[in-house]
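Structure record follows, encoded as structure tokens.
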Amino acid sequence: MSHSVIAAIDLGSNSFRLEVARVVNGQLYTLDALKETIRLAAGLKEDKTLDHPSQQRALNCLKRFSERIRGLPSGAVRVVGTNTLRVAKNAAQFLAQAEAILGVPIEIIAGHEEARLIYIGVSHFLPRTNEKRLVVDIGGGSTEFIIGQRYRPLVVESLYMGCVTYSSRFFPGAKVTHKAFKQAELAAATECQVLKKQFSGHQWQVAVGSSGTAKALTELLEQNGFPAGLITRSGLEFLKECLIAAGDTYNLKLPGLKSDRIPVLAGGLAIMLSIFKELAITEMVTTDCGLREGVLYEMLGRIEHQEDIRVATVNEFAQRYHTDTNQAIRVKQLALKLFKQLVDKENYQRYSIYLGWAAQLHEIGLSIAHAGYHRHAAYIIDNADMPGFSKQEQAIIGGLLQAQRGRLTKVQQRVTNEIGWSMILALRLAVLIHRDRRQLAEPKMSLSHKTKGYALTISLRWLQHNPLSAANLTIEAQHWSELGYSLVIGNK
């Protein structure tokens, strides 16, 4: 389905951003952009839960954002959460309230996925050259590093250091001392050690800083006599000396210093200075573009049916783990056919894509061992970096893979609704029916809901000809009964 207007919301650790864009001939034109400084990361307590004030600031902001996206179809809006919502132990409770306000699901994306999307966003607003670029995005809770060429990210990394967390950790109350700054630099340099081999200067030709921290530092340097549009090592050292001399960021009197940057300036500066030193950067151009633009261009690709990186990711995983393509196709076709009989059109359109991908990947665990291969498959999907997929999407596929065989009680905690059980049943039956791995005619069969359970009607002749499958269907009914569900098997 095509949309003439799409929107992306970035729930960052420092700021929440909304961008609304018009789609014209495969290009995006910004209609509206909103930003609010929330400092969600500052609300993380020692036990890794979000405090109430930070949650309330966030929810109040989303109420305002919801007015701007009101009337847009749910498929035209994508909302992503980053580092703070990745680590907060009570994120689920906050997300439930946030989704109720926005009326659309919120995707929590992994650090590598955040980095990939940032590069996509940045690359669409830089000159088209064949140079390799290093893109650095210092956020509130994490910093993303990407080396890419044209529109393609080549190497991505995400480190747990951000302007909000470092400012709170090393510069509480915005107080800055020489010792504290040295400690912050050392901590950031230690984090950057893992990057040196892949991100050192000879791997790229141009360094680019994206989004808030980089943009704020550029504007501050420009207002104080340094070259426009650039961050330089000498400029960062100048800001460091000014901060230490002031002793308190609120006492810093520099042209171009915006009030909303004061509480997080020291942390962001320490991180950027360490990155310059560790990766031997001399100068960095900057752009205000980043994650939200990447989300929009990814949406554009999906909507216009040009490209969905998730398809490429699934194909790459299938190839990497040497799956049997023909078997995957057989299982996928039957699983989708059965699932379609259990849900309405809207839910089929929404969830069939995940069921199809699970069927395509259902045997990746065999590359580890046959025994418990469904558990191995789930572990791979749950823990791998999968470009294009949110954490929730990986959890859906991982849950399906774990549930494809064996006792269902072991996956009960992963399933949150009846749609999930319908997907699981469709996949399990498809795997069971095609256990012989031969391209034979499928039995005539139909699947439907009944009170607290399901009814499967299947060809009597096929059952008689396939006694092993008939026995396995009986066992399958027993597995469902352990959950309190009935699976009534009839024949015709």
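Here, each number is a calculation from the coordinates, and none is a lab measurement. This structure is a prediction, so every number in the text was calculated from the model and none was measured. So basically every Cβ, Gly included, is an ideal-geometry build from the backbone, and we count neighbours across all protein chains shown.
3J(HN,Hα) couplings calculated from phi for the range 47-61 with the Karplus curve 6.51 cos²θ - 1.76 cosθ + 1.60 (θ = phi - 60°) are, in sequence order, 8, 6, 10, 7, 6, 5, x, 5, 4, 5, 4, 5, 5, 5, 4 Hz; Gly and Pro show x.
Taking amide H positions as modeled 1.01 Å from N, with prolines and chain starts lacking one, the residues under 5 Å from GLY12 and 5 or more places away or on another chain are ARG17.
What is the packing order of peptides 252-260, 289-297, taking the mean over residues of other C-beta atoms within 10 Å and listing the highest first? Before the final figure, lay out each step's value.
Values: 252-260: 13.0, 289-297: 25.7.
Highest to lowest by the protection proxy: 289-297, 252-260.
Look at the dipole of the chain built from charges on Cβ: of LEU239, LEU463, THR451, the Cα furthest out on the positive end belongs to LEU463. Simple point charges give the picture: +1 on the Cβ of Lys and Arg, -1 on the Cβ of Asp and Glu, and for the range 126-288 a dipole about the Cα centre of about 200 debye. In order along the range 344-359, phi translates into HN-Hα couplings of 6, 4, 5, 6, 5, 5, 6, 9, 4, 4, 6, 5, x, 5, 4, 5 Hz, rounded to whole numbers, per the Karplus curve 6.51 cos²θ - 1.76 cosθ + 1.60 with θ = phi - 60° and x for Gly and Pro.
Distance between the pseudo-spin-label points of SER486 and LEU59 (7 Å out from Cα toward the beta carbon): 4.2 nm. Per residue, the chain reaches -15000 deg cm²/dmol at 222 nm when only DSSP H runs of four or more residues are counted, each adding -39500 (n - 2.57). Taking each residue as 0.36 nm, the span from ALA384 to ASN90 lengthens on full extension beyond its C-alpha to C-alpha distance by 103.5 nm.
Under a no-solvent Debye model with one identical scatterer per Cα of the chain, what's log10 I(q)/I(0) at q = 0.06, 0.11 Å⁻¹? Reported log10 I(q)/I(0), two decimals: -0.33, -0.95.
Amide hydrogen proximity for VAL77: with H placed 1.01 Å from N in the peptide plane, the residues at 5 or more positions away or on another chain lying under 5 Å are ALA7. The string of couplings for the range 230-235 from the Karplus curve (6.51, -1.76, 1.60, θ = phi - 60°) is 10, 10, 10, 4, 5, x Hz, one whole number per residue in order, with x for Gly and Pro.
By average Cβ neighbour count within 10 Å, what is the ranking of 102-113, 230-241 from highest down? Let's see the in-between values first.
Numbers: 102-113: 19.9, 230-241: 18.1.
Peptide ranking by packing, descending: 102-113, 230-241.
Here the spin labels are modelled as points 7 Å beyond Cα on the Cα-Cβ line, and at SER259 and GLN478 they lie 7.1 nm apart.
Sorted fewest first by neighbouring Cβ atoms within 10 angstrom, ILE433, ILE9, ILE262 come out as ILE262, ILE433, ILE9. Per-residue packing, averaged as other Cβ atoms within 10 Å, sorts the ranges 33-44, 265-276 into the order 265-276, 33-44, beginning with the highest. What is the range 308-439 by shape, rounded, prolate or oblate, if you read a ≥ b ≥ c off the alpha carbon gyration tensor as root eigenvalues and call it rounded for a/c under 1.5, prolate for a/b larger than b/c, and oblate otherwise? Since a/c stays below 1.5, the shape of the range 308-439 is classed as rounded. Nearest 10 degrees, 0 to 90: what angle lies between the long axis of helix 373-383 and the longest principal axis of the chain (Cα atoms)? The angle comes out at about 20 degrees. The angle between the Cα long axis of helix 309-320 and the longest principal axis of the Cα atoms of the chain comes to about 60 degrees, rounded to the nearest 10. Relative to the dominant Cα principal axis of the chain, helix 391-402 is inclined by about 30°.
Classified by the C-alpha gyration tensor, the range 435-488 has a prolate form. Its axis ratio a/c, with a ≥ b ≥ c, is 1.5 or above, and a/b is larger than b/c.
Seen from every direction in turn and averaged, the convex hull around the alpha carbons of the range 126-288 projects onto 8.4 nm².
In a simple Cβ point-charge model (Lys, Arg +1; Asp, Glu -1; nothing else charged), the chain has a dipole of about 1160 debye relative to its Cα centre.
For the cross-link pairs LYS215/LYS391; LYS240/LYS277; LYS35/LYS179; LYS340/LYS444; LYS277/LYS391; LYS215/LYS258, which exceed 22 Å when the distance is taken from alpha carbon to alpha carbon? Working shown, then result.
On the way: LYS215/LYS391 29 Å; LYS240/LYS277 14 Å; LYS35/LYS179 34 Å; LYS340/LYS444 15 Å; LYS277/LYS391 33 Å; LYS215/LYS258 12 Å.
Over 22 Å Cα-Cα: LYS215/LYS391; LYS35/LYS179; LYS277/LYS391.
Is the range 1-146 rounded, prolate or oblate when judged by the Cα gyration tensor, a ≥ b ≥ c being the square roots of its eigenvalues, rounded requiring a/c under 1.5 and prolate requiring a/b larger than b/c? Oblate, because a/c is 1.5 or more while a/b does not exceed b/c.
Work out the FRET efficiency for ALA189 and HIS322 from their Cβ-Cβ distance, taking R0 = 35 Å, and round it to the nearest 0.05. Don't skip to the end; give the middle numbers.
Details: r = 41 Å, r/R0 = 1.17.
My answer for the efficiency is 0.30.
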